[in-house]
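**Q** My questions will all concern the structure given below.
No lab work stands behind these numbers, since they all come straight from the coordinates. All values reported here derive from a predicted model rather than from experimental measurement. When we count neighbours, we look across all protein chains shown, and the Cβ atoms used for this are built from the backbone with ideal geometry, even at glycine.
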């Protein structure tokens with residue numbers, strides 16, 4: 001059973017608006033959470049992360065929110081740009097340094 | 001910059017062939033990973049190595065083996081390739097340490113087609 005889940009396979013937003021990507025996890029031992037961005041035929045690139053001791057981390061247009069009690073995290077992109085169109089993967093890791101990934105959400109930002 | 005390099009971008013192999021996928025990282029990372037990416041399934045961990053000659057099975061190790069003879073190199077071996085192993089294979093590396101949070105760095109991927 002997948003320990004990290006992204007229930008929305010795709011999301012379409014208008015340029016300039018907010019994109020919200022969601023992720024749920026089941027393993028309470030996870031203490032570090034990451035978002036990756038992936039273009040076709042390329043490897044994933046790291047975007048932003050958050051430790052379990054925080055509930056928010058911000059980097060420019062990207063903000064990640066963590067709700068530990070709900071085992072839920074989200075990535076907000078404001079404002080969304082056409083270049084943000086890609087597949088976004090949520091990932092989680094714990095003490096054993098292994099990274100578990102969700103199934104991905106394909107974001108399409110329309111000009 | 002961290003660099004993770006996979007030996008091939010695209011490979012076409014025949015059913016039953018033994019296939020080697022090579023990965024090299026230049027940041028002296030202890031951990032190395034092999035994932036496969038399939039539509040709707042995301043990235044699934046095949047094998048993980050935390051030191052030279054040390055390995056752990058991931059979620060889908062069946063039909064695969066790995067080798068880590070040197071710290072910088074991690075090889076994925078398909079013992080007898082089958083069509084259901086057609087996929088995008090991604091190698092990654094990361095540093096290790098208790099209490100140290102760090103990201104995994106990925107290679108560019110190898111698109112393997114088994115015919």
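**Q** Per-residue mean of other chain beta-carbon atoms within 10 angstrom of the beta-carbon, peptide B:106-113?
**A** The mean count of partner-chain Cβ atoms within 10 Å per residue comes to 3.
**Q** Would you work out if chain B is rounded, prolate or oblate? Take a ≥ b ≥ c from the square roots of the eigenvalues of the alpha-carbon gyration tensor; rounded if a/c is under 1.5, else prolate when a/b is larger than b/c, oblate otherwise.
**A** The shape class here is prolate.
**Q** Could you line up A:87, B:12, A:64 from fewest to most neighbouring Cβ atoms inside 10 Å?
**A** If I rank by nearby Cβ atoms, fewest first, I get B:12, A:87, A:64.
**Q** Still on this structure, please answer the following. Mind checking the log10 I(q)/I(0) for the protein assembly as shown at q = 0.12, 0.15, 0.17 Å⁻¹? Debye, one equal scatterer per Cα, no solvent, two decimals.
**A** -0.64, -0.99, -1.23
**Q** Among B:14, B:73, rank each residue by its count of other Cβ atoms within 10 Å, from fewest to most, as a rough exposure measure.
**A** Listed from fewest to most nearby Cβ atoms, that is B:14, B:73.
**Q** OK, next. If you count, for every residue in A:100-107, the Cβ atoms of partner chains within 10 Å of its Cβ, what is the mean?
**A** 4
**Q** Right, next: Where does each of A:51, A:8 land when they are ranked from fewest to most other beta-carbon atoms within 10 angstrom?
**A** A:51, A:8
**Q** Evaluate the distance, in nm, between pseudo-label points positioned 7 Å from the Cα of residue A:14 and of residue B:79 along their respective Cα→Cβ axes.
**A** In this crude spin-label approximation the distance works out to 5.7 nm.
**Q** Also, I was wondering about something else. I need two numbers for chain A: Rg to one decimal and Dmax as a whole number, Cα atoms only, in Å.
**A** 13.3, 42
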